[in-house]
Protein chains: 2
Amino acid sequence: MSGQTIKYLLQERDIPTHWINLLPDLPGEPLPPLHPGTLQPVGPDDLAVIFPMSLIAQEVSPEAEIEIPESVREAYKLWRPTPLHRARRFERELDTPAHIYYKYEGTSPAGSHKPNTAVAQAYENAQAGIRRLATETGAGQWGSALAFACSLFGLECEVFMVGSSYDQKPYRRSMMHTWGATVHRSPSELTNAGRANGSHPTGSLGIAISEAVEVAAQREDTNYSLGSVLNHVCLHQTVIGQEAIAQMAMAEEQPDVVIGCVGGGSNFAGLAFPFVRNVLRGGARMRFLAAEPTACPTLTRGAYRYDFGDTAGLTPLMPMYTLGHDFVPPPVHAGGLRYHGDAPMLCGLVRAGVIEARAYAQNDAFAAAVKFARCEGLIPGPEPSHAILAAIEEAEAAREAGEARVILFGLSGHGHFDLSAYDAFLAGGLEDPEFSEADMQAALARLPEVPAIA
Amino acid sequence: MSGQTIKYLLQERDIPTHWINLLPDLPGEPLPPLHPGTLQPVGPDDLAVIFPMSLIAQEVSPEAEIEIPESVREAYKLWRPTPLHRARRFERELDTPAHIYYKYEGTSPAGSHKPNTAVAQAYENAQAGIRRLATETGAGQWGSALAFACSLFGLECEVFMVGSSYDQKPYRRSMMHTWGATVHRSPSELTNAGRANGSHPTGSLGIAISEAVEVAAQREDTNYSLGSVLNHVCLHQTVIGQEAIAQMAMAEEQPDVVIGCVGGGSNFAGLAFPFVRNVLRGGARMRFLAAEPTACPTLTRGAYRYDFGDTAGLTPLMPMYTLGHDFVPPPVHAGGLRYHGDAPMLCGLVRAGVIEARAYAQNDAFAAAVKFARCEGLIPGPEPSHAILAAIEEAEAAREAGEARVILFGLSGHGHFDLSAYDAFLAGGLEDPEFSEADMQAALARLPEVPAIA
C-alpha cells in the first residue's frame with residue numbers, strides 16, 4: 001500500500017471564487033414558482049417580505065457564475081477546502097476494481113454541508129440591515145448551521161425546533177445555544193401558528209416552518225432562512241463540486257458516476273451540479289445517481305407536479321417531484337431525507353434523464369455505513385449512508401463488469417448525533433417503515449389545480 | 001480581512017516519517033520505573049506480559065528519532081495531516097496584537113488526538129501476533145480511539161468502561177460498538193477485580209484499569225493498551241508538533257509560547273516536544289505552558305514523587321508530579337484531565353523549569369470555549385478549553401505589553417459529546433469543585449517508600 005495517496009487536500013487559495021449557477025444551462029425555460037394564494041407566478045416583491053433582494057436576485061439569476069463575496073469566502077476558510085478521500089480500504093473490503101472517492105463535508109463546525117449556504121445567507125441578510133434570522137429545524141442540522149453562521153455576522157438567530165426533537169435530541173439544541181441562538185420548542189406560544197397548534201404533542205416541520213415564516217413576515221428587522229430546495233441554496237453548495245473537480249484532477253481521474261443522497265436536494269446539487277454543467281456543455285459523459293430512502297421515495301415514486309414547499313401550504317408552489325405536501329413520511333433516522341418534494345432544478349434534471357434515482361431501505365443503509373466506518377474510520381450520518389450504499393452497488397457492478405470504474409460520492413456529514421440509531425441497528429432493532437402508495441395518492445389528490453403555463 | 005490566510009494545510013507527503021523521542025535530549029539520566037511489588041527498577045521482561053516488545057523498546061529507546069512504520073503512516077492518512085488555523089476572528093474579539101494559532105486534532109475519526117497512538121499500538125500488537133487488546137476508558141475518548149484503531153488492523157478490542165459513564169454517556173459506547181469493539185460495564189463479572197468490586201455502584205477508572213490489565217495478563221493472545229503517560233505514547237503523539245512546526249514555517253512565524261492542556265500529558269507532549277527539542281538543542285527560545293484544572297492541579301500543587309500509574313497500585317511506579325494515586329479528583333466535565341499524575345518526561349521538564357504550568361477553574365474554561373466557538377465556529381472539548389483560556393491570558397498580556405506575540409495552542413478535540421456540559425454552563429448551573437489539599441496530603445502519605453536511586 002506504500003506510497004498510495006488517500007487524501008487530496010487543496011489550499012485556501014483553491015476555495016472557489018464563484019458559485020456555479022446551473023439555471024442558464026438547463027434545457028428549456030425554467031417554470032416559475034406560483035403564489036400560494038393566487039396560484040399565479042410570484043415576483044421578487046412577493047418574496048421580499050422574508051428574503052433580502054440579493055438572495056432573490058440569486059434565486060432567478062441568468063448568470064452562469066456568481067462571485068462569492070470576500071467575507072463569505074473568508075468564513076469558508078474556517079473549514080474549507082474540505083478533503084477528498086480515496087477509500088482504498090473500503091475498495092479492498094468490497095473486492096472491487098472500482099476506484100471509490102468521497103468528498104467529506106463533516107469537517108465544518110456544524111458537521112455537515114449546511115454551513116456553505118448558512119454563511120452566505122447570514123452575510124447577505126446582515127448586508128441588507130437585517131438584525132435577526134428565523135428558521136425551523138427538525139433534528140437540528142440546519143438550525144445549528146444557521147446558528148453558527150449568525151454568530152459570525154453578528155445576527156440574532158431564532159430557531160423553531162420540532163417539539164419531539166427538542167425533547168429527545170438535546171445535543172443539537174445545545175450546539176445552537178453555544179453559538180448564541182435562541183431555540184423555541186415548536187409549537188410555541190410566540191406565534192399564531194404555534195398557538196393554533198398548541199395542543200399538538202410532538203410538533204411537526206410544517207408547524208415549525210409556519211412559525212418561523214410568521215415571525216419573519218411580521219417583524220421588520222427579521223428575515224426567514226431556508227436550508228435546501230431553493231435555487232440560491234443549491235447555488236451556494238456548488239463550492240463542494242468545484243473543489244471535487246480540482247481534487248479529482250489531482251488524482252488524475254474523472255468520475256464515471258457521481259452519487260449523493262437527496263432530501264431537499266442541496267447536498268446532491270452542491271456536489272453534482274458543477275459536473276452536470278460540464279456534461280451539459282458537451283464534456284466527458286458521466287452518470288449521476290441520487291440516493292433516497294424507500295420511506296420517502298420522492299424521485300422514484302413521486303409525481304411531477306406543482307406543490308408547496310412546506311406542509312402547511314404557506315410557501316410558493318414549485319414544479320417538482322412530490323409525494324404531496326401533507327404526506328407524512330414514516331419516521332426514519334435520516335431526518336434530513338424526510339422531505340415530500342425536492343429542489344426544482346434537481347427534479348428537472350431527473351425528468352430530463354440526466355440524473356438517475358434509486359431508493360434504499362434504512363437497515364441496508366446502516367449496514368453500508370457500519371462497513372464503511374470499519375474501513376475508513378469516519379462514522380457517517382444516516383443521510384449520506386444512502387449514498388454509501390449506492391456506491392457499494394456501483395462498485396459491485398464494476399466488479400461484475402471487470403472494469404476499474406471511478407465512483408465519487410458525497411459524505412455530507414458525520415453521525416456523531418445519530419449514534420443511538422447505530423446502536424439500535426447493531427442490536428437488530430431498527431425498523432424499515434413501509435411507504436404507503438395510497439397515502440401519497442390521497443395527498444396528491446389534495447394539490448390545487450394550477451393554471452397552464454405558457 | 002481579504003487575502004489573509006486562516007488555515008495552513010499540509011499535503012499527505014508532509015506527514016512526518018519519524019516520531020521524535022525526547023528521551024536522549026533530556027537533561028540527566030532518566031529515572032527508571034519501579035516494580036509495584038519489589039519497588040526495584042523494572043526490566044523489559046516485567047512489561048512483556050501485557051505489552052509487545054516493540055513498544056517496550058520504544059519506551060526506553062535511546063534513539064532521537066524512530067521511524068514510523070509505513071502501515072501506521074498509511075492509517076494516519078485517513079485524517080492526517082491535521083489543519084493549523086490562525087484564529088483571526090478570535091484575535092479581533094480579544095482586541096490583541098498577538099497572533100493566535102491553533103493546531104486542531106478533532107478531525108480524526110474518534111474526534112481527538114488519541115488515535116495517533118492508538119493506531120501505532122494496534123499495529124505493533126498485530127505485528128506481534130496479538131489477537132485482542134484490552135483497555136479501560138472513562139467517558140470514552142480513549143476507548144473509542146482504540147476501537148477505531150483495532151478495526152483497521154483486524155484486532156478484537158475489549159473495553160472496560162467506568163460504570164457511571166457507561167450508564168450516562170451512551171454515545172461514546174455506541175461509537176465503540178460501531179467500530180466493532182466489545183464494551184463491558186465496569187465493574188464486570190468477567191474478572192476477579194470486577195467481581196471483588198461488584199457492589200460498587202458507579203465503578204472507577206482504577207477498577208476498570210485493573211480489569212483490563214487482568215484480562216491482558218491472563219490471556220496469551222491479549223495485550224493491554226494505555227492512552228497516555230508512558231514514553232511511547234508521548235512519542236507517537238509527536239506527529240502533531242512536527243506538523244505544527246512545518247505549518248508555522250508556512251505562516252513565516254515562530255511561536256513565542258506553546259500551550260496545551262494536560263491530563264496524562266500525551267496531548268501536551270505531542271504538540272510541544274518537537275519544539276522543546278529545538279529549544280534544548282539551542283534553537284530559538286520560546287515558552288511552554290501546561291494548562292490543567294484547579295480541580296486536579298497535578299503540576300501546580302502536586303508533589304514530585306514515585307507513584308503508581310493507576311489508582312489500584314498495579315502498575316509500575318513512575319517519577320512524576322502526583323496528587324497520590326488514590327486521590328480522587330472532584331468531578332469536572334474535562335474527564336480527560338482528571339488524572340492524579342502526569343507523564344514522567346513532562347514532569348521532568350516542569351521540574352527543570354522548561355515548562356510552566358497554570359491551573360484554571362471549570363467555569364472560566366467553559367467561558368473561554370464559548371467565546372472561541374462564537375468566533376471560530378468549532379466547539380472545543382472541555383479539556384482543550386483550558387488551553388484556550390491560557391491563550392486568552394497570553395493574548396491579554398501581549399496587549400498590555402503592546403507586543404505582537406505569537407501564541408500556539410493545541411485544540412486536541414471537539415466537544416460533540418460534551419454538549420450537556422455546555423448547556424449547564426450557559427444555564428449558570430456548572431460548579432467549580434474545590435480541590436482538597438488535605439486529601440492530597442493524606443494520599444501522598446500513603447505512597448510507599450522507594451529505595452534511593454544511584
- Hey, which of the strands (runs of 3 or more DSSP E) in region A:31-132, taking only ones fully inside, have at least 3 residues that are farther than 22 Å from A:T17 by Cβ? A:99-104
- Under 6 Å between Cβ atoms, at least 6 apart or on separate chains: pull out the pairs that start in region A:304-324 with a residue that is free of Cβ contacts under 8 Å to residues at least 60 places away in the same chain and open to solvent by 10 Å² or more (accessible area, probe 1.4 Å) and end on any residue that is outside any loop (DSSP other than H, G, I, E, B) and among the β-branched types (V, I, T). A:Y321/A:T298
- Query: In region A:364-379, is there at least one residue being away from chain B (no Cβ under 14 Å) and either over 19 Å from the mean Cα position of the chain (by Cα) or among the acidic types (D, E) (or both)?
  - Reply: yes
- Task: Those residues that are open to solvent by 60 Å² or more (accessible area, probe 1.4 Å) and within 20 Å of A:L314 (Cα to Cα), I need them from region A:417-454; list them, please.
- Result: A:A445, A:R446, A:E449
- Task: Kindly list the number of the only condition in (1) in contact (Cβ under 8 Å) with a residue 24 or more places away in the chain; (2) closer than 29 Å to B:P448 by Cα that fails for B:P44.
- Result: (1)
- Message: Checking the condition within 19 Å of A:V262 (Cα to Cα) and more than 12 Å from every other protein chain (Cβ to nearest Cβ), which residue from A:G335, A:G402, A:G428 passes?
- Response: A:G335
- From B:M318, B:M286, B:M250, grab the single residue that is in contact with a Cys (Cβ under 9 Å, 6 or more places away or on another chain), aliphatic (A, V, I, L, M) and farther than 20 Å from B:A334 by Cβ. B:M318
- Item | Extreme residue, nearest to B:E105 (Cα to Cα), among residues of region B:73-95 that are of a type in the set (A, V, I, L, M) and more than 8 Å from chain A (Cβ to nearest Cβ) | B:L84
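Just to be sure before I move on: is A:R285 among the charged types (D, E, K, R), in contact (Cβ under 8 Å) with a residue 12 or more places away in the chain and surrounded by fewer than 24 Cβ atoms within 10 Å (Cβ to Cβ) in the structure I sent?
So A:R285 fails the test.
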- How many residues are more than 20 Å from B:F417 (Cα to Cα), touching a residue at least 40 places away in the same chain (Cβ under 8 Å) and in contact with a helix residue (DSSP H, G or I) (Cβ under 8 Å, 6 or more places away or on another chain) when one looks only at region B:126-140? 5
- State yes or no: is A:A75 at pLDDT 95 or above and surrounded by 21 or more Cβ atoms within 10 Å (Cβ to Cβ)? yes
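Restricting to region B:169-200, count the residues that are in a loop (DSSP other than H, G, I, E, B), among the basic types (K, R) and without any contact (Cβ under 8 Å) to a residue 12 or more places away in the chain.
Our first condition is that a residue be in a loop (DSSP other than H, G, I, E, B); within region B:169-200, this holds for B:169, B:179-181, B:187-191, B:197-200.
Filter once more, keeping what is among the basic types (K, R): B:169.
Imposing the further condition that a residue be without any contact (Cβ under 8 Å) to a residue 12 or more places away in the chain reduces the set to none.
Count: 0.
Mind counting the residues in region A:107-117 that are within 11 Å of another protein chain (Cβ to nearest Cβ) and open to solvent by less than 10 Å² (accessible area, probe 1.4 Å)? Let's see the steps before the verdict.
Here is the first cut: in region A:107-117, the ones within 11 Å of another protein chain (Cβ to nearest Cβ) are A:107-111, A:115.
With open to solvent by less than 10 Å² (accessible area, probe 1.4 Å) added as a condition, the list becomes A:108-111, A:115.
Selection size over region A:107-117: 5.
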- Give the residue, chosen from A:P44, A:P83, A:P52, A:P36, that is farther than 23 Å from A:L349 by Cβ, over 20 Å from the mean Cα position of the chain (by Cα), open to solvent by less than 30 Å² (accessible area, probe 1.4 Å) and of a type outside the set (D, E, K, R). A:P52
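Here's the yes/no breakdown for (1) within 17 Å of the chain's Cα centre (by Cα); (2) in a helix (DSSP H, G or I):
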residue	(1), (2)
A:A134	no, no
A:A139	yes, no
A:A145	yes, yes
A:C150	no, yes
A:V159	no, no
A:S164	no, yes
A:D167	no, yes
- Since B:A193 meets every condition but one in (1) modelled with pLDDT under 95; (2) surrounded by fewer than 23 Cβ atoms within 10 Å (Cβ to Cβ), which condition does it not meet? (2)
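Kindly establish whether B:A352 is in contact with a strand residue (DSSP E or B) (Cβ under 9 Å, 6 or more places away or on another chain) and either more than 14 Å from chain A (Cβ to nearest Cβ) or acidic (D, E) (or both).
Working: in contact with a strand residue (DSSP E or B) (Cβ under 9 Å, 6 or more places away or on another chain): no; either more than 14 Å from chain A (Cβ to nearest Cβ) or acidic (D, E) (or both): yes.
When the stated conditions are applied, B:A352 does not pass them.
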- Note on the structure: All conditions in (1) open to solvent by 40 Å² or more (accessible area, probe 1.4 Å); (2) more than 25 Å from A:F327 (Cβ to Cβ) are true of A:A145 except (1)
- Keeping to region B:196-213, report how many residues are in contact with a Phe, Trp or Tyr (Cβ under 9 Å, 6 or more places away or on another chain) and either open to solvent by 20 Å² or more (accessible area, probe 1.4 Å) or within 14 Å of chain A (Cβ to nearest Cβ) (or both). 2
- If you scan region B:330-359, which residues turn out to be under 30 Å from A:C150 (Cα atoms) and open to solvent by less than 10 Å² (accessible area, probe 1.4 Å)? B:A334
- Item | Positions within region B:14-52 being more than 27 Å from B:R131 (Cβ to Cβ) and of a type in the set (G, A, S), in sequence order | B:G28, B:G37
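Please work out if A:F327 is in a loop (DSSP other than H, G, I, E, B), touching a residue at least 60 places away in the same chain (Cβ under 8 Å), open to solvent by less than 20 Å² (accessible area, probe 1.4 Å) and among the aromatic types (F, W, Y). First the steps, then the outcome.
On the way: in a loop (DSSP other than H, G, I, E, B): yes; touching a residue at least 60 places away in the same chain (Cβ under 8 Å): yes; open to solvent by less than 20 Å² (accessible area, probe 1.4 Å): yes; among the aromatic types (F, W, Y): yes.
When the stated conditions are applied, A:F327 passes them.
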- Single residue of region A:9-33 satisfying the filter (under 23 Å from the mean Cα position of the chain (by Cα) and either within 14 Å of another protein chain (Cβ to nearest Cβ) or of a type in the set (A, V, I, L, M) (or both)) that is nearest to B:D14 (Cα to Cα): A:I15
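Quick check, is A:S225 open to solvent by less than 10 Å² (accessible area, probe 1.4 Å) and in contact with a Cys (Cβ under 6 Å, 6 or more places away or on another chain)? Even if it seems obvious, please write down each step before you answer.
Values: open to solvent by less than 10 Å² (accessible area, probe 1.4 Å): yes; in contact with a Cys (Cβ under 6 Å, 6 or more places away or on another chain): no.
Judged against the criteria, A:S225 is not a match.
Does B:A98 meet the test of being in contact with an Asp or Glu (Cβ under 9 Å, 6 or more places away or on another chain), farther than 28 Å from B:R173 by Cα and within 14 Å of chain A (Cβ to nearest Cβ)? Talk me through it step by step, then tell me what you get.
Details: in contact with an Asp or Glu (Cβ under 9 Å, 6 or more places away or on another chain): yes; farther than 28 Å from B:R173 by Cα: yes; within 14 Å of chain A (Cβ to nearest Cβ): no.
When the stated conditions are applied, B:A98 does not pass them.
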- Message: Whether any residue in region A:159-175 is open to solvent by 20 Å² or more (accessible area, probe 1.4 Å), at pLDDT 95 or above and more than 10 Å from chain B (Cβ to nearest Cβ) is what I want to check.
- Response: no
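The values are calculated or read from the model by the stated rules, or taken from the named source; none is laboratory data. Because the structure is a prediction, the values reported are computed rather than measured. Neighbour counts run over all protein chains shown; Cβ positions are idealised from the backbone, glycine included. Remember, those area values only see protein heavy atoms, side chains included, never the ligands or the DNA or RNA. Shrake-Rupley method; radii C 1.70, N 1.55, O 1.52, S 1.80 Å.
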